[in-house]
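Here is the structure we will look at, set down as structure tokens.
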Amino acid sequence: MWPAALTGKSFPFGSIQPGGAVRRAMFALLAFLTVFAGIDCQPVCAAETIKTLDYKMAGDATHMRIVMNFDKEPEPKWFLLRSPHRLVVDLPDATLAIDAKDLKPRGLIKSVRYGPSGEGASRLIVTSKGPFNVEKVDILKNEDGSGYRLVADIAAASEREFDAALAIQAETTGSTTPKTDRLGKIAHRGDRPFTIVLDPGHGGIDGGAEGLNGTVEKTVTLAFAKELQAKLASNSAYKVVLTREGDEFLRLDDRVRIARQQEADLFISIHADTIRLKGIRGATVYTVSDKASDADAQALADRENLSDQLAGVDVAEEDHAVSDILVDLIRRETHGFSTRFARSLVGELSPTVGMINNPHRSAGFRVLKAPDVPSVLVELGYLSNPEDEEQLRSADWREKAATSISKAVAAFVAERGATGG
């Protein structure tokens, strides 16, 4: 039993005091503790500094994963900042030493900075290309037992979703922040306008296909997208955004990122390809699928998916596997909406614009893979066919095609409104 001097007990006046032997033992113990207290106990008493072993980033413009390895278990706290959109990770009792080449911007991440932030602490600041969601920040013990790793997953999101996360953050503190509802956009549109993102295919160094008379795909797709934008924007219930406004190169995943950050309710990618058989002509509407509907659809998807590599971009195919049942449900619902819009689009285009046989097809187009945005790719025609090329250059034909697509959009919006989607 510890004496009162160590337990904090007091001996009030008139109470029984310890005897002489006990008192001498107490004085001896106190003397020892006094000497011990003068010894430099920094290695024992102070928190040991945690060291970074490495830092890695992987992903694309829609999803990124950050992994940091430490020799001991860190206790990070993270929060969000805007203007620009940033993830800030504070690491008490940790020193960061990161190879500069590992900080090279890529995918969704625009820049990474780090440095000390007070006595013994460090701060990591990750700046994004736009709004994002933090899907998770986990601390995991390495399987081989050599330290711990911090794993942070972020995904492109809309300003509304980022603002919602900031609002939650303002009310809570700690090492974790509640997730925003990933079904929110599909389940609740609120008072937002119906947002349509039009994606003129190719651009910049990637010209796309070239017609028999010199028509370049990137020029045709931009001209048509602007005409369709003007027609759709005449309806005040719509917000219409182009992925590119001029002759600029965009990565495929950047096109998807723009759609997600705009919180698009519909994504329409516009193309005008060539085909080996010059006699084939007509428009085609594509949706995404793991297995192509036919060999021509697979060949087209392969060509379009090469866009990044043709422009000199090193593409590492990321495995964004379905992480849980909720995401799988979102994908299934989104695919259903995409298919319904594709069918409506074929129905509106068929009477006014020449269509290919079996005009609704599918393949693994990377540009259509946003899990939560209904998406289609429209091939307006084939530049390898002289009649299609002439039509694509015709203002009258483009006006008819844009009108048909606008009608399909209106039908889709009406259907979504009727079903509460």
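The values are calculated or read from the model by the stated rules, or taken from the named source; none is laboratory data. Here the structure is a predicted model, which means the values were calculated and not measured. Counting neighbours? That spans all protein chains shown, and the Cβs are built from the backbone with ideal geometry, glycine included. The area values use the complete protein model at the heavy-atom level, side chains included, leaving out ligands, DNA and RNA. Shrake-Rupley method; radii C 1.70, N 1.55, O 1.52, S 1.80 Å.
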Notebook entry, point to check: Quick one: which of 233, 264 is open to solvent by less than 10 Å² (accessible area, probe 1.4 Å) and over 30 Å from residue 386 (Cβ atoms)?
Noted result: 264
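Quick check on residue 143: is it open to solvent by less than 50 Å² (accessible area, probe 1.4 Å), of a type in the set (D, E, K, R) and over 11 Å from residue 87 (Cα atoms)? Walk me through it before giving the result.
Numbers: open to solvent by less than 50 Å² (accessible area, probe 1.4 Å): no; of a type in the set (D, E, K, R): yes; over 11 Å from residue 87 (Cα atoms): yes.
Spelling it out, it is not the case that residue 143 is open to solvent by less than 50 Å² (accessible area, probe 1.4 Å), of a type in the set (D, E, K, R) and over 11 Å from residue 87 (Cα atoms).
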Check: List pairs: first in segment 275-286 and over 12 Å from residue 380 (Cβ atoms) and in a loop (DSSP other than H, G, I, E, B), second open to solvent by less than 70 Å² (accessible area, probe 1.4 Å) and aliphatic (A, V, I, L, M), Cβ under 8 Å, 6+ apart or cross-chain?
Finding: 280/356
Margin query: For segment 226-274, which positions are assigned to a helix (DSSP H, G or I), more than 24 Å from residue 372 (Cα to Cα) and in contact with an Asp or Glu (Cβ under 9 Å, 6 or more places away or on another chain)?
Written below: 226, 227, 231
Next item on the list: Would you mind telling me which numbered condition in (1) open to solvent by less than 20 Å² (accessible area, probe 1.4 Å); (2) part of a loop (DSSP other than H, G, I, E, B); (3) out of contact with any Phe, Trp or Tyr (no Cβ under 6 Å at 6 or more places or on another chain) residue 352 fails?
Entry: (1)
Notebook entry, point to check: Given the structure, is residue 187 surrounded by fewer than 17 Cβ atoms within 10 Å (Cβ to Cβ) and either at pLDDT below 90 or within 26 Å of residue 332 (Cβ to Cβ) (or both)?
Noted result: yes
Note to self: Being without any contact (Cβ under 8 Å) to a residue 12 or more places away in the chain and over 26 Å from residue 157 (Cβ atoms) is the filter here; which residues of segment 231-260 pass it?
What the structure shows: 234
Next item on the list: Report yes if some residue within segment 367-375 is in contact with a Leu (Cβ under 8 Å, 6 or more places away or on another chain), at pLDDT 95 or above and part of a strand (DSSP E or B); otherwise report no.
Entry: yes
